[in-house]
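The values are calculated or read from the model by the stated rules, or taken from the named source; none is laboratory data. Values in this document were obtained by computation on a predicted structure and should not be read as measured data. Backbone-built Cβ (ideal geometry, glycine too); neighbour counts: all protein chains shown. Note: accessible area is taken over every heavy atom of the protein model, side chains too, but ligands, DNA and RNA are not part of it. Shrake-Rupley method; radii C 1.70, N 1.55, O 1.52, S 1.80 Å.
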Amino acid sequence: MFFCSVILILTKMFHSDMGKVLESSLWRSSDYGTTYVKLNLQPGIPNIITNFYICPANKKKIILVSSSMNDRDQSLFISTDEGAIFQKQQISFSVETLVFHPKEEDKVLAYCREQRLYFSTDLGKKWQLLQERVTKDRFYWSVNGIDNEPDLVHMEIQHSSGGFLYVTCPILNCTERNLKAHFSGYIDKNSLLVNDDYIFIQSASGNWTKYYVSYRRNEFVQMKLPKYALAKDMQIISTDENQVFVAVKEWHQTDTYNLYLSDVQGVHFILALEDVRSTKQPEENVVIDIHEVRGVKGVFLANKKVNGKVKTYITYNKGRDWQLLSPPATDMNGKPTDCHFPECSVHLHLRWADNPYVSGTVHTKDSAPGLIMGAGNLGAHLVEYKEDMYITSDCGNTWRQVSRVPIDRTELSFLYRFTVDEGHTWTTHNFTSTSVFVDGLLSEPGDETLVMTIFGHISFRSDWELVKVDFRPTFPRHCLPDDYDSWNLMNQAEHCIMGERREFRKRKISSWCIKGKNFTSAVTSKPCQCTDSDFECDYGFEQQKNGQCFPAFWYNPDAPSEHCRLGQTYTSSSGYRKVVLNVCEGGVDKQQGSTQHQCPLMAPKGLRIVTKGERLAVNPGDDVTFIVSQDQGDTLNTKYQVDLGDGFRAIYVNLTLMDEPILHRYEKPGIYRVSVKAENSAGSDEAMVYIQVNSPLQVVHLEVLPVLRRGQLMNLTALVQPSNSNLTVFQWWLGDNLQPRLSLENSILTSFNANGQIKITVQASCGSSMVQDSKVVTVFDQLEVLPLVFSENIDSCNPNVPEWREDIGRVISRILAKATGLSEQLLLTVVRVGLPTTAELYLLPPPDKPKRKRSTSMDKVIPFEKIIGGRGVLIIVIMFVICLLGVGGFILHKFKRKIPGRNVYAQMHNEKEQEMTSPVNHSEDTQNIIQGEEFIDDDLDSQTLGNGRAVVLSINSREMHSYLSS
């Protein structure tokens, strides 16, 4: 960077994998680059300079951003004397970006990695927090002459609910009270853009995005493209001279954009050029291949795709008319080019080139109007593997080929070629015979010096190679009036461009003198009489092949404007509007057919009611802000009847113009239908929105049988707390299926056809809250089930919570395992939900073991009852019941205490009890054995023993006998 005779160069070694700078060096020259001194900011202490910033209002003031090797210590180095002396300033945050105030040199904004924005009013010595949750690169200083407060900051911030807002506040008093939101709803992330008179935002609405503009800080208005130009993306190209130039990717486009031009307010757009090519650069930045020619207003170059091929076009009236670039008759050697217009023309690389070996893009300067230099080729379209250099001195009317550069090059010698006569002659200088890759050229901004620095490298790991080029001896004097020639801007034979004749002056080729800082290129401008070319089709009109403008099929030119109010007037367009910036006078007036009409009383249309932040689910007691708006129709003479759904009703007049929206609070959970009706004598419109008021979910418990027979139906039940009837949505994930089942009920039926363990997960969501629970179910081929029934006195000890049921089941399984001698892993007791207390005993099949050869004595199956007889079975069952009596006594003693939280769960289950169905199935052989024995009692009920209070289980003897027999 240059400061008068001072040059500062910062070199950095960036580690791409680590994403950080590992080493840096700062070099300073005070003699235009003849000698350099490496600055040692802190002797003995290594510091990494990540970036430096120059104050635009005073280039002597510089701020360096520094960090330690471990990134723990952050500091700034501040200079007020072009980098001769730096003072260290420790800071408590990590700077990502610094932004100087455009006019006040000591005011700076600093953005840190934690999304906080700080400000300083003393050139970085002291910092104060301005705002948190700010979007990176989406904060702007106020614009001089447009914003009322010079210290105002425009910001895009994230609301606590997750959405993004556009807000402003003054830096010295940025309190919550002074934080002002300028758009009623959320905006899309990274959409805020402040450009001079205009502010742009976008907001997603359904499947499409709506784009809004504020002109000179007025209310935001939706930008109006032709009705069926459905935009997938929009890029702002230019906001110069009171007009917005945008590129729009429409619904059918992939790698091209259409160019549109606005009126002065930036609201109504018309098509300027179709299918301009685009590319996506790193960090998702979109680049449109269009170049605004500097020094001459209204002139643009664009690369358009035609049948898949890229062609270069130029416009002299800011997009109204486009034409190809006229080819030169001869090449640089004076030989005929055989390039016949329009089949053959000049095509240039404007913003980028697909071929990495192309040396550069188009260059224009404000100080050299009409001079355009770029790399490209002659032909029917742009060719990536050709690169010739072309120059025009008359703003694109005539072109000259000035050099040919081989594209297929892998080595570059440090060869410097320059011209001082607009490319007519070239001087070559070879600084070294060593092959060097040139990376760039440095010169002072504003073209105020004739000293340049060329920098490059020999290899990837080599040091920088710097060469100073000083043209001051070549131009020993300042230019005099006789050293200039004049030239007229023209488009082919047309001298009136944008409604005026413009005459410029430039230095004669033979005069080797310096123009100086006060040089002005424009000499005279004279308005022309208006012609047809000074007008373009108005919004809603389309140009036909004969050049006439007719209404599009979707547009009614006689209809009042959307915001037409009673007592005002509106204009019915003739189909034409004068090109913005055009200064022609008299002559043709194609706007003459436009007529003025009185605005009628219009019925409201497009009425909407939304909540601030678009919150449709709130908690009881939350403040809810309702905002009413409408797209069309009268608002001054319209009544708005508002019903907030909980008994609150009111009638407003001129509601959409009120500064304060409707603030309300719902105390009880429920679904509230909020409606508004707008009505006047011309008609009415209605809108509504449903607000869900519910407490956040705290917990969900998944009730599911831990074991299941293959193909058997299972009831899955999710118990949520608190219970929000009809407001909770359940998502069920079964096994490895990535697509959940959705339900509004808290239970579903399902089955599984494969053995093994199946993981079941349920998510319950209500409003913005979501809770989850998971369980594992084991599926078997065969499974035996014995129902268990408790005596009624256990119900008084049952808190009906999952933990209690699980503990009871474990105790019963453990006691039964000891009583029967079976492995506890083969017994599973499941206590059912709800009252009265019941349970089921699941008899699990033993795990598979290696098969052993069976003896002949085991081939014959002997029924169990034949060995011990019916009385033996009875004795076993009675002994089993006695064991269960002991179990019951233990259970009563262990679990009769009240468990905290039982009332909550009991209340939850009283509202709706869910039972898990588990049909009892037996094998056909066992049933036949049981039915063949008449001496087995139908049921054996255990009795209470003694006078103490006990809990008794009842077990069906047939089912127990069936299990023992098998």
**Message:** Within the range 603-616, does at least one residue satisfy the condition of being under 30 Å from LEU663 (Cα atoms), in a loop (DSSP other than H, G, I, E, B), open to solvent by less than 30 Å² (accessible area, probe 1.4 Å) and touching a strand residue (DSSP E or B) at 6+ places or on another chain (Cβ under 8 Å)?
**Reply:** yes
**Complete:** Residues of the range 243-284 being among the acidic types (Asp, Glu) and under 20 Å from LYS224 (Cβ atoms), in sequence order, are GLU250, ASP263, GLU274
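Can you pull out the residues in the range 60-73 that are buried (at least 18 other Cβ atoms within 10 Å of the Cβ) and either of a type outside the set (Val, Ile, Thr) or more than 36 Å from the chain's Cα centre (by Cα) (or both)? Spell out how you get there, then give the answer.
Filtering the range 60-73 for residues buried (at least 18 other Cβ atoms within 10 Å of the Cβ) gives 61-67.
Result: LYS61, LEU64, SER66, SER67.
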**Residue satisfying all of: in the range 622-643; of a type outside the set (Lys, Arg) and open to solvent by 60 Å² or more (accessible area, probe 1.4 Å); modelled with the lowest pLDDT among these** = ASP631
**Prompt:** List pairs: first in the range 587-615 and touching a residue at least 40 places away in the same chain (Cβ under 8 Å) and outside the structural domain of THR638 (by the TED database), second open to solvent by less than 30 Å² (accessible area, probe 1.4 Å) and among the basic types (Lys, Arg), Cβ under 8 Å, 6+ apart or cross-chain?
**Reply:** GLN591/ARG577
**Message:** Condition first: outside any loop (DSSP other than H, G, I, E, B) and in contact with a Gly (Cβ under 7 Å, 6 or more places away or on another chain). Now tell me which residues in the range 180-198 satisfy that.
**Reply:** TYR198
**Request:** Mind counting the residues in the range 251-285 that are open to solvent by 10 Å² or more (accessible area, probe 1.4 Å) and farther than 20 Å from THR315 by Cα?
**Result:** 14
**Message:** Take TYR32 and tell me if it is under 30 Å from GLY145 (Cβ atoms) and either in a strand (DSSP E or B) or of a type outside the set (Lys, Arg) (or both).
**Reply:** no
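What residue, among those in the range 544-566 that are among the small types (Gly, Ala, Ser) and touching a strand residue (DSSP E or B) at 6+ places or on another chain (Cβ under 8 Å), is most open to solvent (accessible area, probe 1.4 Å)?
SER561
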**Request:** Return yes or no: is PHE164 under 19 Å from the mean Cα position of the chain (by Cα) and open to solvent by 20 Å² or more (accessible area, probe 1.4 Å)?
**Result:** yes
**Message:** Suppose we filter the range 516-540 for residues that are assigned to a loop (DSSP other than H, G, I, E, B), among the polar types (S, T, N, Q) and free of Cβ contacts under 8 Å to residues at least 60 places away in the same chain; how many remain?
**Reply:** 3
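Per-residue answers, yes or no, for (1) modelled with pLDDT of 80 or more; (2) buried (at least 17 other Cβ atoms within 10 Å of the Cβ):
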{"residue": "ALA380", "(1), (2)": "yes, no"}
{"residue": "GLU387", "(1), (2)": "no, yes"}
{"residue": "THR392", "(1), (2)": "yes, yes"}
{"residue": "CYS395", "(1), (2)": "yes, yes"}
{"residue": "TRP399", "(1), (2)": "yes, yes"}
{"residue": "SER403", "(1), (2)": "yes, no"}
{"residue": "THR410", "(1), (2)": "no, no"}
**Asked** If you take the residues of the range 332-361 that are open to solvent by 10 Å² or more (accessible area, probe 1.4 Å) and in contact with a His (Cβ under 7 Å, 6 or more places away or on another chain), which of them is modelled with the lowest pLDDT?
**Response** VAL358
**Request:** Tell me, please, whether a residue that is touching a residue at least 40 places away in the same chain (Cβ under 8 Å), part of a strand (DSSP E or B) and not polar (S, T, N, Q) can be found in the range 78-88.
**Result:** yes
**Asked** Hey, does the range 173-190 have a residue that's within 30 Å of LYS224 (Cα to Cα), open to solvent by 10 Å² or more (accessible area, probe 1.4 Å), without any contact (Cβ under 8 Å) to a residue 24 or more places away in the chain and not β-branched (Val, Ile, Thr)?
**Response** yes
**Request:** Scan the range 138-161 residue by residue and report those that are within 17 Å of the chain's Cα centre (by Cα), at pLDDT 95 or above and open to solvent by 30 Å² or more (accessible area, probe 1.4 Å).
**Result:** ARG138
**Fill in**
Filtering the range 313-331 down to residues that are in contact with a Ser or Thr (Cβ under 8 Å, 6 or more places away or on another chain) and either crowded, with 17+ Cβ neighbours inside 10 Å or in a loop (DSSP other than H, G, I, E, B) (or both) yields ASN317, ARG320, ASP321, TRP322, LEU324, LEU325, SER326, PRO327, PRO328, ALA329, ASP331
**Asked** How about the range 291-310: which of its residues are open to solvent by less than 50 Å² (accessible area, probe 1.4 Å) and over 18 Å from ILE270 (Cα atoms)?
**Response** HIS291, VAL293, GLY295, VAL296, LEU301, ASN303, VAL306, VAL310
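Looking only at strands (runs of 3 or more DSSP E) that lie completely in the range 679-719, which have at least 2 residues being open to solvent by 20 Å² or more (accessible area, probe 1.4 Å)? Show your work before the answer.
Numbers: elements: 683-693, 699-703, 707-709.
In the range 679-719, 683-693, 699-703 are the strands (runs of 3 or more DSSP E) which contain 2 or more residues that are open to solvent by 20 Å² or more (accessible area, probe 1.4 Å).
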**Message:** I'm trying to understand the selection: among the residues of the range 111-126, which are buried (at least 20 other Cβ atoms within 10 Å of the Cβ) and part of a loop (DSSP other than H, G, I, E, B)?
**Reply:** LEU123, GLY124
**Prompt:** If you take the residues in the range 227-250 that are among the acidic types (Asp, Glu) and assigned to a strand (DSSP E or B), which one is most open to solvent (accessible area, probe 1.4 Å)?
**Reply:** ASP233
**Request:** Examine the range 541-559 for a residue that is in contact (Cβ under 8 Å) with a residue 60 or more places away in the chain and over 30 Å from GLY633 (Cβ atoms), and state whether such a residue exists.
**Result:** no
**Prompt:** So which residues in the range 111-154 are within 22 Å of TYR215 (Cβ to Cβ), hydrophobic (A, V, I, L, M, F, W, C) and in contact with a Lys or Arg (Cβ under 7 Å, 6 or more places away or on another chain), if there are any at all?
**Reply:** ILE146
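When you check THR520 against the structure, is it open to solvent by 30 Å² or more (accessible area, probe 1.4 Å) and either of a type in the set (D, E, K, R) or touching a strand residue (DSSP E or B) at 6+ places or on another chain (Cβ under 7 Å) (or both), yes or no? Working first, answer last.
On the way: open to solvent by 30 Å² or more (accessible area, probe 1.4 Å): yes; either of a type in the set (D, E, K, R) or touching a strand residue (DSSP E or B) at 6+ places or on another chain (Cβ under 7 Å) (or both): no.
Answer is no for this residue.
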